[in-house]
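Q: Quick one: the structure is below, and I'll ask about it shortly.
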Amino acid sequence: METDTCNDPVNVGFSIPARVSRAMKPDTTIVDINGVKAGGSAVVVIAGPCAVESLEQLFETAWAVKNAGAKILRGGAFKPRSSPYSFQGLGEEGLKLLSNIRKETGMPVVTEVMDTRQVELVAGYADMLQIGSRNMQNYPLLKEAGMCRKPILLKRGMMATIEEFLLAAEYILNQGNDQVVLCERGIRTFETTTRNTLDLSAVPMLKRLSHLPVIVDPSHGTGLRWMVPAMAKAAVAVGADGLIMEVHYHPEKAICDGYQSLSLDEFDQLMTDLRKIAIAVEREIL
Ligand code: PEP
Ligand code: MN
């Protein structure tokens, strides 16, 4: 007799938190980001700069990624930088630019929130709130995000196990917000040639254990522009529900993460290639 191993502690070594568990809710949750649905048959592509830098940068990049097929615009207004001396983001000014571009292009926007005190502010401008890798275990922030009525993009902590990742998502669902998308963005390993080690095996594992949609960030996952297309294609092939990628109109001039950002032409070409991969795994990119 075949048994389902989803909740078998011998197989995964822990019990799956109840609200995120697929055993409790067999159908994949559809997360609705202002009309764009993640978790259905379409692979959702989120693209845009690492940081919002200027109106021109955001405008040029947003229209180009939209025309290439991206459905959601990304861009950080509050940036979690390793150094306190690096550019910290434009703050509310950046949120205003994002909201203006949304009106102009019709594309929903996702941006990071780093602090419980800013959840209301960011939710007032954005269509989806990102909780970044460094904050995956910021429990007050997870709870506050769970109380707000906007979808949440939860990125895997760079040192987090799958169990810790699912427990972090459980915090959000526990507050009544089930509109959560999980994002694999690479973890820290002994390897130094890539910025992180993109754990693509997390995708089928998370999808087996949880009903939440799973997307992949090959930009932070590799830290290398030339490697992003290969890993993006691989992510679609292993069943990701979407991708989030950094794209910049002049990557060489980007204030933040330019070395891992695709140019507009590279992104356009990648979208063409991704459509073929999507068809091969019975998905589509609209
Ligand atoms: C980002 O998306 O720009 C970012 C800072 O991501 P992460 O939290 O995965 O490092
Ligand atoms: Mn970045």
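Every number here is computed from the coordinates shown, using simple stated rules; none is lab data. Since this is a predicted model, take the numbers as computed values, not measurements.
Q: Hey, what angle do you get for helix 228-237 against the long axis of the chain, alpha-carbon based, 0 to 90 degrees rounded to 10?
A: Roughly 30 degrees, rounded to the nearest 10.
Q: Sticking with this structure for a sec: Going by the alpha-carbon gyration tensor, a ≥ b ≥ c the square roots of its eigenvalues, is region 10-94 rounded (a/c under 1.5) or, if a/c is not under 1.5, prolate (a/b greater than b/c) versus oblate?
A: Taking the square roots of the gyration eigenvalues as a ≥ b ≥ c, region 10-94 is oblate.
Q: With the chain treated as a Gaussian network of Cα nodes joined by springs under 10 Å, which of 35, 94, 157 yields the largest mean-square fluctuation?
A: Greatest mean-square fluctuation among the candidates belongs to 35.
Q: I need the shape label for region 232-286. Rule: rounded when a/c is under 1.5, else prolate if a/b > b/c, else oblate, with a, b, c from the alpha carbon gyration tensor.
A: prolate
Q: Show the residues, 5+ positions off or on another chain, whose built amide H is closer than 5 Å to the amide H of residue 243.
A: Counting only residues 5 or more places away or on other chains, the set is 44, 45, 46, 216.
Q: Here is a further query. Would you mind computing Rg(Cα) / (2.2 N^0.38 Å) for the chain, counting N as its residues?
A: 0.93
Q: When only C-alpha pairs under 8 Å and at least 6 residues apart count, what is the relative contact order of region 1-106, in percent?
A: 19 percent
Q: Only Cα pairs under 8 Å and at least 6 apart count here; give the relative contact order of region 220-286 as a rounded whole percent. Write down the numbers at each step before the final one.
A: On the way: 63 pairs, mean separation 23.6, N = 67.
About 35 percent, as a whole number.
Q: Label region 182-286 by shape, choosing from rounded, prolate and oblate, from the square roots a ≥ b ≥ c of the eigenvalues of the Cα gyration tensor; if a/c is under 1.5 it is rounded, and otherwise prolate applies when a/b is larger than b/c, oblate when it is not.
A: Judged from the Cα gyration tensor, region 182-286 comes out oblate (a/c at least 1.5, b/c at or above a/b).
Q: Also: Relative to the longest principal axis of the C-alpha atoms of the chain, give the angle of the C-alpha long axis of helix 264-280, reported between 0 and 90° and rounded to the nearest 10°.
A: 30 degrees
Q: Relative contact order of the chain, please, whole-number percent, based on alpha carbon pairs below 8 angstrom and at least 6 residues apart.
A: 21 percent
Q: Would you mind telling me which residue in 138, 11, 177 has the biggest mean-square fluctuation in a Gaussian network model of the chain, where springs connect alpha carbons within a distance under 10 angstrom?
A: 11
Q: Rounded to the nearest 10 degrees, what's the angle between the helix 162-174 long axis and the longest principal axis of the chain, both from Cα atoms, 0 to 90?
A: Computed tilt is about 80 degrees.
Q: Which one, 84, 151, 108, has the greatest fluctuation when you compute a Gaussian network model over the chain with C-alpha springs under 10 angstrom?
A: Among 84, 151, 108, the largest GNM mean-square fluctuation belongs to 84.
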